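Engineer: Take a look at the following structure, please.
The values are calculated or read from the model by the stated rules, or taken from the named source; none is laboratory data. Only a predicted model underlies this, so the values are computations on that prediction, with no experimental measurement involved. Cβ placement follows ideal geometry from the backbone for every residue including glycine, while neighbour counts extend to all protein chains displayed. Accessible surface is based on the protein model in full, side chains and every heavy atom, while ligands, DNA and RNA are left aside. Shrake-Rupley method; radii C 1.70, N 1.55, O 1.52, S 1.80 Å.
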Amino acid sequence: MSATAETVEQVKSISGEKYKYGFVTDIAADKAPKGLSEDIVRFISAKKGEPEWLLEWRLKAYRRWLEMPEPKWSKVDFPPIDYQQYHYYSAPKSDDDRPKSLDEVDPELLATYEKLGIPIKEQEVLAGVAVDYVFDSVSVATTFKKKLEEVGVIFCPISEALERCPDLVRKYLGTVVPVADNKHACLNSAVFTDGSFVYIPPGVRCPMELSTYFRINEMNTGQFERTLIVADKGSYVSYLEGCTAPMRDENQLHAAVVELVALDDAEIKYSTVQNWYPGDEEGKGGIYNFVTKRGACRGKNSKISWTQVETGSAITWKYPSCILQGDNSVGEFYSIAITNNAQQADTGTKMIHLGKNTTSRIISKGISAGKSDQTYRGLVKISPKAEGARNYTQCDSLLIGDKCGAHTVPYIESKNKNAIVEHEATTSTISEDQLFYLRQRGIPEEAAVALVVNGFCREVMQQLPMEFAVEAQKLVGISLEGSVG
Amino acid sequence: MLEIKDLHATVQGKEILKGVNLTVNPGEVHAIMGPNGSGKSTLSYVLAGRDGYEVTGGRIIYMGEDLTELDPEERAAKGIFLAFQYPVEIPGVPNSTFLNEAVNAVRRYRGEDELDKIQFVKMLRAKTKELNMSDEMLKRAVNVGFSGGEKKRNEVLQMAVLEPKLSILDETDSGLDIDALKIVSEGVNALRSPERSSLVITHYQRLLDYIVPDKVHVLAQGRIQKTGGKELALELEKNGYADFTGEEAA
Ligand SMILES: Nc1ncnc2c1ncn2[C@@H]1O[C@H](COP(=O)(O)OP(=O)(O)OP(=O)(O)O)[C@@H](O)[C@H]1O
Ligand SMILES: [Mg+2]
């Protein structure tokens, strides 16, 4: 069963009787009424048929959220958000509302799929075409599912996990990103509706990238996604989120939370390609992407590696971080952020060194074009007990044109005098010499820019799973279209 | 092949080319010599269509077509190749990726099918071998960390791969050791055919022992001051350029 169908089933299965909160909205409604209140939180929880503890958890988050101020320290600029103008729950679209074939899909979107080289079948899934995949992706997905089950890997929507393994979810949910971590995460805790749960049992190396399956079956385009990945002792998993294809969504506000937990000797590799709709040239209609991603290297010798390619959204606010608790644990952050036109991005990472001999590595490549603005914001914190801690940070900015901006804000807080913290930063432009050289060899100007930018990002691109790296490279070119000439 | 008529060009408002006349017939190799700063590289950039090198008078006719309005990439696709005096570094872009992009961009422009990976690699290996270059150089980023001589050899590799109709070599011999000079010359000679022509800019007569030119021109003060056979190069080696610069000053 596809993820959407699953959700639909689930929503259908919640009968009106289960509902006992004296809340006036029709439980069968596809949409919650606009706005946010305790009743809406109860409504969402009821729709999902959640256990009592989770409802309490959500309500606690909601109450904290009311009191919390908006984060003001980032260098992004937008009008105040009117939280009461959004719907916080809507059922997935039924097949009747979806395009019947690719002929009904926005040609511009299809043109981009074409450029990215995405196969027709996948284009249909991505564009939300109501097609029957009985012979294709569902059977593929079933094969994947079987393979995962054989080794005991749990990979399912978080709402399903609450039924299959409630204790695991309860044990780890909110332990990396506490309910009241920041206003956006707090909102997510109160109203999250989608997201994935992954558990890798001790000693298991997950037999596939959790992306192939994901791309076909599990299009997480929810507004308030909640993802929780737990790698038990000595296990390994590579997880890929997102998609190079441009994603459109009527919901402007996105506030996801991702929590990773790595126990002794475990490794989690988390890769993201984010290409939400950036809005028009002025940024109108673009997505606000406020994400809280954090990983806890809880066990000794554990490792968490974040790789991200950020090209979309009108505003990106995102700092995938690592808490290096276990001795000898390793945190990595590899990032490419591209902003064009009126996009704004404030992104970076936090590496919190708590355990002995913990090491972290940060490689950030920022590309600004048009009149966009981007900031790398990084924190490396070394606690007094983190004997032998080491960090290496490299931040490179590339400017295209003279109307864009790039800023690097590295904070270093070292409380251990033996720690080694290295920071390197460069800012460069694409030189006219380079463009002329490439054009003289027959490469058109835009392709030449894309080539230089891909070269600039290479170190990070190489961290991506192979088939995704190829698409991501094409995406670089597409994101920068119209940035020269 | 190439007909340059009374060409005037300015760089940042300063006139560098002051009426260049030059005709290269198909199959010919012409050498251009001249003092430092006389406008040789400027001429090559103008022919390749570099931004900022403005043609203020005269015409460039290449295979019967006026080039003035064409972008650099269009000229390249039509078969004009410039081996740079100072090859440019492109960090992070493997040499082979760059060459692959270039070959396929040119093929697309001409309406030909792109080469697939296997065809391309096969072709590239063959060319690399001819030029006695290591495969390792194909994996490295374009010109990054290359020695002076390696950069020049890399220019010749690109030329061999793109098989241009008109090659302009701007001091490709400078900085080459004797063996490299031979290899580079062989690369140029290998492309010699009745349909292809070359303009070889050099300061040294020695190169012309390997690449024997049909004509030698002296470019000084923004103009072709003298044209002769290959013996002119020997003469210049003996007497220098005093005659030409003196004339102009008087
Ligand atoms: N961008 C520029 N701005 C100002 N002057 C320039 C520029 N480019 C070239 N020139 C000038 O134009 C003149 C011709 O330069 P060019 O590079 O064509 O000489 P050349 O004949 O190739 O010399 P060399 O033998 O040293 O390579 C020089 O006086 C140079 O300083
Ligand atoms: Mg020169």
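Engineer: Could you work out how much longer the chain between B:V212 and B:S134 gets when fully extended? Use 0.36 nm per residue separation minus the Cα distance between them, nm to one decimal.
Structural biologist: Fully extending the segment from B:V212 to B:S134 adds 25.3 nm.
Engineer: Now a separate question. What list of ³J(HN,Hα) values in whole Hz, one per residue of segment B:177-184 in order, does the Karplus curve 6.51 cos²θ - 1.76 cosθ + 1.60 (θ = phi - 60°) give from phi, with Gly and Pro shown as x?
Structural biologist: Result, ordered by residue: 6, 4, 5, 5, 4, 5, 4, 4 Hz.
Engineer: When the label point is put 7 Å from the Cα of A:E432 along its Cα-to-beta-carbon vector, which residues of segment A:389-415 have a backbone N closer than 13 Å?
Structural biologist: Those under the cut-off are none; the list is empty.
Engineer: So what is the accessible area of segment B:175-216 per residue, in Å², with the probe set to 1.4 Å?
Structural biologist: Ligands and nucleic acids excluded, the figure is 45 Å² per residue.
Engineer: Let me ask something else about it. Heavy-atom accessible area of A:F144 with all protein chains present, probe 1.4 Å, nearest 10 Å²?
Structural biologist: 40 Å²
Engineer: How charged is the neighbourhood of A:K171? Take every other residue with its Cβ under 13 Å from the Cβ of A:K171, and add Lys/Arg as +1 and Asp/Glu as -1.
Structural biologist: Overall, the nearby charge balance is -1.
Engineer: Lysines within cross-link reach of A:K365: Cα-Cα under 20 Å, excluding same-chain residues under 8 positions apart?
Structural biologist: In chain and number order, the partners are A:K75, A:K269, A:K293, A:K318, A:K350, A:K403, A:K474.
Engineer: Take the alpha carbon gyration tensor of segment B:122-235, find the square roots of its eigenvalues, order them as a ≥ b ≥ c, and report rounded if a/c is under 1.5; if not, report prolate when a/b exceeds b/c, else oblate.
Structural biologist: Prolate, since a/c reaches 1.5 and a/b exceeds b/c.
Engineer: Would you kindly work out the equivalent ellipsoid of segment B:22-158 from its C-alpha gyration tensor and give its semi-axes, the square roots of five times the eigenvalues, largest first in whole Å?
Structural biologist: Three semi-axes, in Å: 28, 20, 14.
Engineer: Also, I was wondering about something else. What is the calculated FRET efficiency for B:L234 to A:H423, with r their C-beta to C-beta distance and R₀ = 41 Å, to the nearest 0.05?
Structural biologist: Between B:L234 and A:H423 the formula returns 0.10.
Engineer: Once you have the Cα-Cα distance between A:D167 and A:E387, take 0.36 nm times their residue separation minus that, and quote the gain in nm to one decimal.
Structural biologist: Extra length from A:D167 to A:E387 when fully extended: 75.7 nm.
Engineer: Considering the zone a paramagnetic label at B:M63 would reach in this model (a point 7 Å from Cα along the Cα-to-Cβ line), which residues of segment B:162-187 have amide N under 11 Å from it?
Structural biologist: The answer is B:164-166, whose backbone nitrogens lie closer than 11 Å to the label point.
Engineer: Could you pull out every one of the aspartates and glutamates with an alpha carbon less than 15 Å from that of A:K284, ignoring same-chain neighbours closer than 8 positions?
Structural biologist: The qualifying aspartates and glutamates are A:D77, A:D249, A:E250.
Engineer: Taking segment B:2-245 as the region of interest, what is the percent of Cα-Cα pairs per 10 angstrom bin, listed from the shortest bin to the one with the maximum distance?
Structural biologist: For segment B:2-245, the binned pair fractions read 7, 31, 37, 21, 4, 0 percent.
Engineer: Report the label-to-label distance for B:V144 and A:Q462 in nanometres (one decimal), using points 7 Å from each Cα along the Cα→Cβ vector.
Structural biologist: Output for this residue pair reads 0.9 nm.
Engineer: Using the beta-carbon distance between A:K284 and A:E445 and R0 = 35 Å, what value does 1/(1 + (r/R0)^6) give for FRET efficiency, to the nearest 0.05?
Structural biologist: Efficiency at R0 = 35 Å is approximately 0.80.
Engineer: Any idea what the relative contact order of chain B is, in percent, if you count C-alpha pairs under 8 Å spaced at least 6 apart?
Structural biologist: 28 percent
Engineer: Cα to Cα, under 22 Å, and not fewer than 8 places away if on the same chain: which lysines meet these conditions relative to B:K215?
Structural biologist: Result set, ordered by chain and number: B:K5, B:K18, B:K40, B:K165, B:K182, B:K226, B:K230, B:K238.
Engineer: For the protein assembly as shown, just say rounded, prolate or oblate: build the C-alpha gyration tensor, square-root its eigenvalues into a ≥ b ≥ c, call rounded for a/c under 1.5, and beyond that prolate if a/b exceeds b/c, oblate if not.
Structural biologist: Cα axes put the protein assembly as shown in the prolate bin.
Engineer: Just going by the charge dipole of segment B:2-245, with Lys and Arg at +1 and Asp and Glu at -1 on Cβ, which of B:Q85, B:V20, B:S44 is farthest out on the positive end?
Structural biologist: Most positive-ward Cα: B:Q85.
Engineer: Give the A-B buried accessible area in Å², both sides summed, 1.4 Å probe, nearest 100.
Structural biologist: What A and B bury together is about 2200 Å².
Engineer: Which percent of the accessible heavy-atom area of chain B goes to carbon and sulfur, probe 1.4 angstrom?
Structural biologist: 47 percent
Engineer: Taking the Cα centre of the protein assembly as shown as the origin and placing charges on Cβ (Lys, Arg +1; Asp, Glu -1), which of A:N454, A:A255, B:L219 is farthest toward the positive end of the dipole?
Structural biologist: So the residue we want is A:A255.
Engineer: Counting Lys and Arg as +1 and Asp and Glu as -1, each charge on the Cβ, what is the dipole of chain B about the Cα centre in debye, to the nearest 20?
Structural biologist: Dipole about the Cα centre, nearest 20: 320 debye.
Engineer: For labels at A:I412 and B:E3 in the simple 7 Å Cα→Cβ model, what's the distance in nm?
Structural biologist: My value for the distance between the label points is 6.7 nm.
Engineer: How many nm is it between the label spots at A:Y83 and A:V151, if each spot is 7 Å from the Cα in line with the beta carbon?
Structural biologist: 4.1 nm
Engineer: Heavy atoms only, probe 1.4 Å: what % of the accessible area of segment A:367-477 goes to carbon and sulfur, would you let me know?
Structural biologist: Carbon and sulfur: 52 percent of the exposed surface of segment A:367-477.
Engineer: Something else about it: Tell me which trypsin sites (Lys or Arg not before Pro) from segment A:269-342 have a DSSP coil assignment and no more than 11 other beta carbons within 10 Å of their own.
Structural biologist: The qualifying sites are A:K284.
Engineer: Also, quick follow-up: Give the calculated FRET efficiency between B:E186 and B:K122 to the nearest 0.05, with a Förster radius of 22 Å applied to their Cβ-Cβ distance.
Structural biologist: Approximately 0.55, to the nearest 0.05.
Engineer: Can you find, among B:L208, A:I229, B:A233, the residue sitting farthest towards the positive end of the charge dipole of the protein assembly as shown, where Lys and Arg contribute +1 and Asp and Glu -1 at Cβ?
Structural biologist: A:I229
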